[in-house]
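Note sheet for the following structure.
The values are calculated or read from the model by the stated rules, or taken from the named source; none is laboratory data. This one's a predicted model, so the numbers in the text were calculated from it and none came from an experiment. Positions of Cβ are generated from backbone atoms using ideal geometry, with glycine treated the same way; all protein chains shown enter the neighbour counts.
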Amino acid sequence: MKISITVDNNQSLTHQDVYLVKAVGKVEILLLGKNYAVHYKEMRLKALQLHPEAFASSYQEEEALPISTFENRLSSTSSYTFGAIEHQQLYGAVTLLPEEKNKLKHRGNIVAMYVSEEKRGAGLGRKLMQAAIQQAGELKCIEQLHLTVMAKNESAKKLYRSLGFQSYAVEKNALKVNGQYYDEELMVLYISNGES
């Protein structure tokens, strides 16, 4: 399914505003701009509290950051953060981080994927991922998308596999949260002219 990024008046895609990518029922998938920084920080902190084992960042680290840090993240020209929004409430997000070094420009990374528990099972994770994958394809230089997922998170791995991601390694004890170790599974999706 092709997802189109809608930009009014033939403007180039920026993060100054929020652009509609895809509507899913009453929920819209948007490319977030800095005007969603407060909502994004609130959702991010909730995700870090509820699932500290799923993210490299900690609640304490991100809670201490000023809102300007989140505004800068969402207005950066070197990343793309998509959000799932219903009635001005942010229920999920995912970020595409294209690599910037010359030897790595054929790669991109999917990070900070999260869907609020009350909206899970409604297809938002799939739509968020599809928006990020499409954006990667439109950048033309990205041939591979990489992500990491907690090795025991079967529902997330099932989603990623259904989108074409393949597992290629497990990093043992990748994260240590409150004295407990968590393994991460490394996955890749080959797009464009990349070889599998």
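At a glance:
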read-out: Which listed residue is closer than 14 Å to MET43 by Cβ and surrounded by fewer than 18 Cβ atoms within 10 Å (Cβ to Cβ), from ILE67, ILE85; value: ILE67
read-out: So LEU90, is it at pLDDT 95 or above, within 26 Å of PHE165 (Cβ to Cβ) and surrounded by 13 or more Cβ atoms within 10 Å (Cβ to Cβ); value: yes
read-out: Output for region 27-84, where each listed residue is of a type outside the set (Gly, Ala, Ser) and in a strand (DSSP E or B); value: VAL27, GLU28, ILE29, LEU30, LEU31, TYR80, THR81, PHE82
read-out: Any pair with Cβ under 6 angstrom, 6 or more apart, that starts in region 45-59 at a residue that is in contact (Cβ under 8 Å) with a residue 40 or more places away in the chain and under 20 Å from LEU186 (Cα atoms) and ends at one that is part of a helix (DSSP H, G or I) and of a type outside the set (Phe, Trp, Tyr); value: PHE55/LEU48
read-out: Single match in GLY137, GLY164 (criterion: over 25 Å from TYR59 (Cα atoms) and part of a loop (DSSP other than H, G, I, E, B)); value: GLY164
read-out: Criterion (more than 15 Å from VAL27 (Cα to Cα) and among the acidic types (Asp, Glu)) met by exactly one of GLU86, GLU143; value: GLU143
read-out: Of all residues making up region 137-196, the number that are more than 24 Å from LEU104 (Cβ to Cβ) and either in contact with a Cys (Cβ under 9 Å, 6 or more places away or on another chain) or not polar (S, T, N, Q) (or both); value: 16
read-out: Selection status of VAL170, surrounded by 13 or more Cβ atoms within 10 Å (Cβ to Cβ) and hydrophobic (A, V, I, L, M, F, W, C); value: no
read-out: Residues being in contact with a Lys or Arg (Cβ under 9 Å, 6 or more places away or on another chain) and assigned to a loop (DSSP other than H, G, I, E, B) - total across region 167-193; value: 1
read-out: Residues of region 143-161 that turn out to be out of contact with any His (no Cβ under 7 Å at 6 or more places or on another chain) and not in a strand (DSSP E or B), as a count; value: 11
